[in-house]
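Here is the structure we will look at, set down as structure tokens.
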Amino acid sequence: ESAKRYVEAIQHSGRTVQPMSTKSLYFPDSIVPAKMEYPNKLSYMTKLMKLAADYARHGRVATVEMHDPTGAYAKHASGIIPADSPTVSALLYSPFTDIVPQSDNLSSALKGLLHFATTMKGTPSKTAHSLEHLSPQQVRSAIRSLDRFKQQDGDQDTEMAKQLISQYLAQSLDLHGDKGVYIEPRRAHDTVLNLRKNPYRMGRKLNAELSNAIATNRPSQLQQLATTSSNAAAPTSPSMCAECMKIAQHGDVSDPNDLIKYPACGGCLQHLGEILSQNDIPSMIQNSPPAGTIGGTN
């Protein structure tokens, strides 16, 4: 809903906007469902970004909404966007304490917490990129609030999930002891839009960033990914054990974002947390866990 209001704010400036999403069911002028025409998510992204570039050439502002905790879609898209096309990379940020209250069930709450810790990192000191301060008390409160799902998901499953996600959050956000951390994105963006703040105000902020990109012709953080080795795209050997790979088979195994979905076993979560604690997203996407480290801990 907030994303729609951001689009409206850009439209109010007189620009013609073409909203697009990685969840689009059909591409323009096609009667074949997008997921059937492009079953591989990264080939789907190629088509999506080429359409966006074409819209931009014809004077429209193409907004592409993507759910991309690993940064793999962004890395892939960066090689497709023309270098001379004004581009803005915006992170839609949901504050940590909003995740569980806005979730309908245990699975969506856990997925939200998992993706938060994959997208964001914790630092001991405040930096220019800090978005909020997160305390151990706030994390414990969020974990306790998962109890409201016990009636539909059962006591045992909820308690196990609370234990696993609690350990994962502490590890990946470097949140230990009684000291809190400052939260900032793991990957650079041109602007961050806080979903808790007035959406029209955030929309004007996004529009101002776009005006700046047009006026200065500066490369966006997204376009700069094309010349870096970080956040490499498709995984050659996912960081998951055999059992968790079976769970992921209903998704797209070429898609790094499909390979970090909850549920996962405790070993896989621990391995992912160790990688993120080193802020090493390329390894998360490309490397296999060491033999004998993962698996058998469901």
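The values are calculated or read from the model by the stated rules, or taken from the named source; none is laboratory data. For clarity, every value in this text was computed on a predicted model and none was experimentally measured. Cβ atoms come from the backbone with ideal geometry, glycine included; neighbour counts cover every protein chain shown. Accessible surface areas use protein heavy atoms only, side chains included; no ligands, DNA or RNA. Shrake-Rupley method; radii C 1.70, N 1.55, O 1.52, S 1.80 Å.
For residue 54, which of the numbered conditions (1) over 28 Å from residue 201 (Cβ atoms); (2) in contact (Cβ under 8 Å) with a residue 12 or more places away in the chain; (3) in a helix (DSSP H, G or I) fails to hold?
(2)
So, of the residues in the range 189-201 that are at pLDDT below 90, open to solvent by 30 Å² or more (accessible area, probe 1.4 Å) and under 20 Å from the mean Cα position of the chain (by Cα), which turns out to be farthest from residue 147 (Cα to Cα)?
197
Would you check which residues across the range 91-115 are part of a helix (DSSP H, G or I) and over 17 Å from residue 195 (Cβ atoms) and list them?
Residues satisfying the conditions are 106, 107, 110, 114.
Using beta carbons and a limit of 9 Å, which pairs, at least six apart or on different chains, have the first residue in the range 76-101 and of a type in the set (Phe, Trp, Tyr) and the second one part of a loop (DSSP other than H, G, I, E, B) and exposed (fewer than 15 other Cβ atoms within 10 Å of the Cβ)?
Every condition considered, the pairs that remain are 93/196.
Within the range 57-79, track down each residue that is assigned to a helix (DSSP H, G or I) and open to solvent by 30 Å² or more (accessible area, probe 1.4 Å).
Within the range 57-79, 57, 75, 76 meet the criteria.
Can you say whether residue 26 is farther than 20 Å from residue 186 by Cα, among the hydroxyl-bearing types (Ser, Thr, Tyr) and open to solvent by 40 Å² or more (accessible area, probe 1.4 Å), as far as the supplied structure shows?
So residue 26 passes the test.
Given the structure, is residue 164 part of a helix (DSSP H, G or I) and either loosely packed, with under 15 Cβ neighbours inside 10 Å or under 25 Å from the mean Cα position of the chain (by Cα) (or both)?
Criteria met by residue 164.
Give the residue that is nearest to residue 257 (Cα to Cα), with candidates limited to residues of the range 24-42 that are charged (D, E, K, R) and without any contact (Cβ under 8 Å) to a residue 12 or more places away in the chain.
Per the stated criteria, the residue is 35.
Within the range 130-170, track down each residue that is modelled with pLDDT of 90 or more and of a type in the set (Asp, Glu).
Selection gives 132, 147.
Take residue 7 and decide whether it is in contact with a strand residue (DSSP E or B) (Cβ under 9 Å, 6 or more places away or on another chain), open to solvent by 30 Å² or more (accessible area, probe 1.4 Å) and in contact (Cβ under 8 Å) with a residue 12 or more places away in the chain.
no
If you check 118, 87, which single one turns out to be open to solvent by less than 50 Å² (accessible area, probe 1.4 Å) and in a loop (DSSP other than H, G, I, E, B)?
One residue alone meets the criteria, 87.
How do the pairs read when you match residues in the range 132-155 that are over 14 Å from residue 101 (Cα atoms) with residues anywhere that are of a type in the set (Ser, Thr, Tyr) and buried (at least 17 other Cβ atoms within 10 Å of the Cβ), using Cβ under 6 Å and keeping only pairs 6 or more apart or on different chains?
These pairs meet every condition: 133/182; 150/158.
May I ask you to say which residue of 46, 16 is surrounded by fewer than 17 Cβ atoms within 10 Å (Cβ to Cβ) and either free of Cβ contacts under 8 Å to residues at least 40 places away in the same chain or within 24 Å of the chain's Cα centre (by Cα) (or both)?
Of 46, 16, the one residue that is surrounded by fewer than 17 Cβ atoms within 10 Å (Cβ to Cβ) and either free of Cβ contacts under 8 Å to residues at least 40 places away in the same chain or within 24 Å of the chain's Cα centre (by Cα) (or both) is 46.
Looking at the range 202-228 only, could you name the residues that are modelled with pLDDT of 85 or more, over 19 Å from the mean Cα position of the chain (by Cα) and open to solvent by 30 Å² or more (accessible area, probe 1.4 Å)?
Answer for the range 202-228, where residues must be modelled with pLDDT of 85 or more, over 19 Å from the mean Cα position of the chain (by Cα) and open to solvent by 30 Å² or more (accessible area, probe 1.4 Å): 204, 205, 208, 209, 211, 212, 214, 215, 216, 217, 218, 219.
Do we have residue 32 as in a loop (DSSP other than H, G, I, E, B), more than 22 Å from residue 221 (Cα to Cα) and at pLDDT 85 or above here? Write out each step before concluding.
Working: in a loop (DSSP other than H, G, I, E, B): yes; more than 22 Å from residue 221 (Cα to Cα): yes; at pLDDT 85 or above: yes.
Yes: the conditions hold for residue 32.
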